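Visitor: Pasting in a structure now, in structure tokens, and then I'll have a few things to ask.
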Amino acid sequence: MKISNNKLELITQSFEGNGTFNTLMTSKDLAVRLSFQLAKLAKELSSLFEVYFAEKNKLIKKYADKDKDGNPIEEKGQYKITDKKFMEEFQILLKQESNLNIEKVIVYPNELPAGLLSPNELLQFEDMLEFKEMTNDG
């Protein structure tokens, strides 16, 4: 399964605090099969997060406006970057894709506790989750 850095950037918050993926991973009511599959997905994604954010930080350090000591300037929790080359290179970084060494996680409706997540929250992971109805033979 392929995932772009743009998608990684978008789902980052879902892995923190009350984020969607974190809510799933910390639920004690998930089916064991689904919990295991999500844990494997989280492991794969976390290694990609590391690489992506290391590269993003290199760009920030390279292009951020610097103070008199050569340190990047922060304003309201954001780095101040006026060099237009940053956005050009950042867009290239966002378009890069990586292969996840895992198949889409199959989710059966009965494995998700009712009301745990809204359909909109689950849409964040439409590229990584596949919803299937249970069959008599499965």
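Visitor: For segment 1-126, what log10 I(q)/I(0) values come out of the Debye formula at q = 0.11 1/Å, with one point per alpha carbon and no solvent?
Guide: Computed log10 I(q)/I(0) values: -0.50.
Visitor: If you average the sequence gap of Cα pairs under 8 Å that are 6 or more apart and divide by the length of the chain, what percent do you get for the contact order? The partial results should precede the final answer.
Guide: Working: 128 pairs, mean separation 48.0, N = 138.
Answer for the chain is 35 percent.
Visitor: Leaving ligands, DNA and RNA out of it, report the carbon-plus-sulfur percent of the accessible area of the chain at a 1.4 Å probe.
Guide: Details: 4580 of 9320 Å².
For the chain, the apolar C and S fraction of the accessible surface comes to 49 percent.
Visitor: Counting pairwise Cα distances across segment 66-138, what percent come out greater than 15 angstrom? Could the numbers behind the result be given before it?
Guide: Details: 1962 of 2628 pairs.
Tail of the P(r) past 15 Å holds 75 percent of the pairs.
Visitor: What are the residues whose amide H is under 5 Å from the amide H of Leu129, where those residues sit 5 or more places off or on another chain and H is modelled from the backbone?
Guide: Distant-sequence amide H within range of Leu129: Val105.
Visitor: Hey, what number do you get for the chain at 222 nm if only DSSP H runs of n ≥ 4 count, each worth -39500 (n - 2.57), divided across all residues, to the nearest 500?
Guide: Working: 5 runs with 63 residues, N = 138.
Counting only the DSSP helices, I get -14500 deg cm²/dmol.
Visitor: Give the accessible surface of segment 52-94 per residue, rounded to a whole number of Å², with probe radius 1.4 Å and ligands, DNA and RNA excluded.
Guide: 76
Visitor: Another question, then. Give me the aspartates and glutamates in straight-line cross-link reach of Lys62: C-alpha distance below 19 Å, same-chain residues under 8 apart excluded.
Guide: Counting by Cα, and skipping residues close in sequence, Lys62 has these aspartates and glutamates nearby: Glu50, Glu74, Glu75, Asp83, Glu88, Glu89.
The values are calculated or read from the model by the stated rules, or taken from the named source; none is laboratory data. The shown structure was predicted, so the numbers you read here are calculated from the model rather than taken from an experiment. Only protein heavy atoms, including side chains, enter the accessible area calculation; ligands, DNA and RNA are left aside. Shrake-Rupley method; radii C 1.70, N 1.55, O 1.52, S 1.80 Å.
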